[in-house]
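The values are calculated or read from the model by the stated rules, or taken from the named source; none is laboratory data. Just so we're clear, the structure is a prediction, and the values are computed from it rather than from any experiment. Methodologically, a virtual Cβ is constructed for each residue, glycine included, from the backbone with ideal geometry; neighbour enumeration extends over all protein chains shown. Just so you know, the surface numbers come from the protein's heavy atoms only, side chains and all, with ligands and any DNA or RNA stripped out. Shrake-Rupley method; radii C 1.70, N 1.55, O 1.52, S 1.80 Å.
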Amino acid sequence: MDKISLASLKSNEYGRVKEIFGGCKAKKRLYELGLYKNACVKVEKNDFGPLILNLSGNKLALGRGLASHVIVER
């Protein structure tokens with residue numbers, strides 16, 4: 001399996017979170033939103049603006065900067 005950033009996934013693609021880079025605050029923020037290691041996410045929209053993710057049945061808007069810190073496996 002290849003590992004890429006969450007921002008690189010296209011619409012309707014799935015990924016499993018493998019690693020989160022960034023500072024303490026960024027990691028804490030992502031964890032509070034439900035993005036933690038081995039969480040399964042689906043990208044609903046990735047064309048312009050923030051990414052829209054489906055995470056455990058909930059929709060989540062995540063900015064591209066923060067999404068680029070999340071490494072996922074397809």
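Glu13's amide H: which non-local residues (gap 5+, or another chain) put their own amide H closer than 5 Å, with H modeled 1.01 Å from N in plane and none for Pro or chain starts?
Val43
If you put +1 on each Lys and Arg Cβ and -1 on each Asp and Glu Cβ, how big is the dipole of the chain around its Cα centre, in Debye rounded to 20?
Charge dipole of the chain: 200 debye, to the nearest 20.
Stretched out fully, how many nm does the piece from Ser56 to Glu13 gain, at 0.36 nm a residue minus the Cα gap?
Values: separation 43, 0.36 × 43 = 15.48 nm, distance 1.46 nm.
Taking 0.36 nm per residue and subtracting the Cα distance, the gain is 14.0 nm.
Roughly how many percent of the accessible protein surface of the chain is carbon and sulfur, given a 1.4 Å probe and a whole-percent answer?
Details: 2410 of 4520 Å².
Here it works out to 53 percent.
Choose one of Leu30, Val41, Leu9: the residue whose Cα lies farthest towards the positive end of the charge dipole of the chain (beta-carbon charges +1 Lys, Arg; -1 Asp, Glu; about the Cα centre).
It is Leu30, whose Cα lies furthest towards the positive end.
What is the pair-distance distribution P(r) of the chain, computed from all Cα-Cα distances in 10 Å bins starting at 0, with each bin given as a whole percent?
Binned Cα distances yield the sequence 22, 62, 16.
Tell me, what ³J(HN,Hα) does each residue in the range 54-68 have, in order and in whole Hz, if you take phi through Karplus 6.51 cos²θ - 1.76 cosθ + 1.60 with θ = phi - 60° and put x for Gly and Pro?
Taking θ as phi minus 60°, the curve returns 10, 10, 6, x, 10, 8, 9, 9, 10, x, 5, x, 5, 5, 6 Hz for the range 54-68.
At 1.4 Å probe size, with every protein chain present, just tell me what the per residue accessible area of the chain comes to in Å². Could you put the intermediate results ahead of the total?
On the way: 4520 Å² over 74 residues.
That works out to 61 Å² per residue.
Can you work out the Karplus-derived ³J(HN,Hα) for every residue in the range 8-23? Use 6.51 cos²θ - 1.76 cosθ + 1.60 with θ = phi - 60°, whole Hz, and x for glycine or proline.
8, 5, 8, 4, 6, 9, 9, x, 10, 5, 10, 7, 10, 9, x, x
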